[in-house]
Amino acid sequence: MKKEDKTNVMRFLDGKKIAYESHSYEPDASMSGEEIAGILGEDPGKVFKTLVTQGKSGAYYVFVVPVEAELDLKKAAKACAEKAISMIRQKELLPLTGYVHGGCSPVGMKKQFPTFIHETACGYDRIFVSGGKVGFQIGLAPEDLIAVARCKTADIV
């Protein structure tokens with residue numbers, strides 16, 4: 001892969017000497033997570049999306065859940081000890097994280113936010129998350145993602 005083909009996520013993982021595999025595909029704005037899993041030839045349970053929320057306290061939280069699942073806001077609030085949480089507006093995503101909708105990764109955000117990953121991730125030897133740009137995915141060991149993104153595992157779907 002040429003240097004200019006690497007995303008910030010890949011450069012971040014390279015800097016931490018974390019093994020990963022990168023995958024790119026021709027993105028389509030209407031593409032679902034399940035369709036991306038199909039392109040990767042992977043079970044949708046192994047492909048995760050990154051969601052950014054804000055708690056009632058004003059704090060931000062990141063949740064990483066399988067693409068086939070929906071974040072349970074009550075379980076998520078309980079996991080981060082908030083009375084309630086809500087999804088941030090799409091226009092807030094880029095200034096807050098450095099990532100655009102559809103390319104948000106739990107790795108290498110502008111600022112480290114408390115991050116929670118659904119507990120099923122630990123049942124796989126490799127999972128997939130956004131590579132930091134629309135059309136890029138990275139596969140890595142869940143324990144490596146948990147370490148580098150400082151994730152806590154929780155039942156959040």
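The values are calculated or read from the model by the stated rules, or taken from the named source; none is laboratory data. Just so we're clear, the structure is a prediction, and the values are computed from it rather than from any experiment. For accessibility, only protein heavy atoms count, side chains too; no ligands or nucleic acids. Shrake-Rupley method; radii C 1.70, N 1.55, O 1.52, S 1.80 Å.
Data for the structure
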| quantity | calculated |
| --- | --- |
| Prolate/oblate/rounded label for segment 1-74 (Cα gyration tensor, a/c 1.5) | oblate |
| Over the chain, relative contact order from alpha-carbon pairs under 8 Å, at least 6 apart, % | 28 |
| Largest-first principal axis extents of the Cα set of segment 92-156 (Å) | 32, 24, 19 |
| In Hz, Karplus ³J(HN,Hα) per residue of segment 33-50 (6.51, -1.76, 1.60; θ = phi - 60°; x = Gly, Pro) | x, 5, 5, 5, 4, x, 4, 6, x, 10, 5, x, x, 9, 9, 10, 10, 10 |
| Proximal aspartates and glutamates relative to Lys152, as straight alpha-carbon distance under 12 Å, when same-chain residues fewer than 8 apart are discounted | Glu119, Glu143 |
| Of Met31, Met109, Met87, the one that fluctuates the most in a GNM where the chain has Cα springs shorter than 10 Å | Met31 |
| Cα gyration tensor shape for segment 53-96, rounded if a/c is under 1.5, else prolate or oblate | oblate |
| Fraction of beta bridges assigned by DSSP in the chain that are antiparallel (%, nearest 5) | 70 |
| Surface per residue (accessible, 1.4 Å probe) for segment 1-105, Å² | 58 |
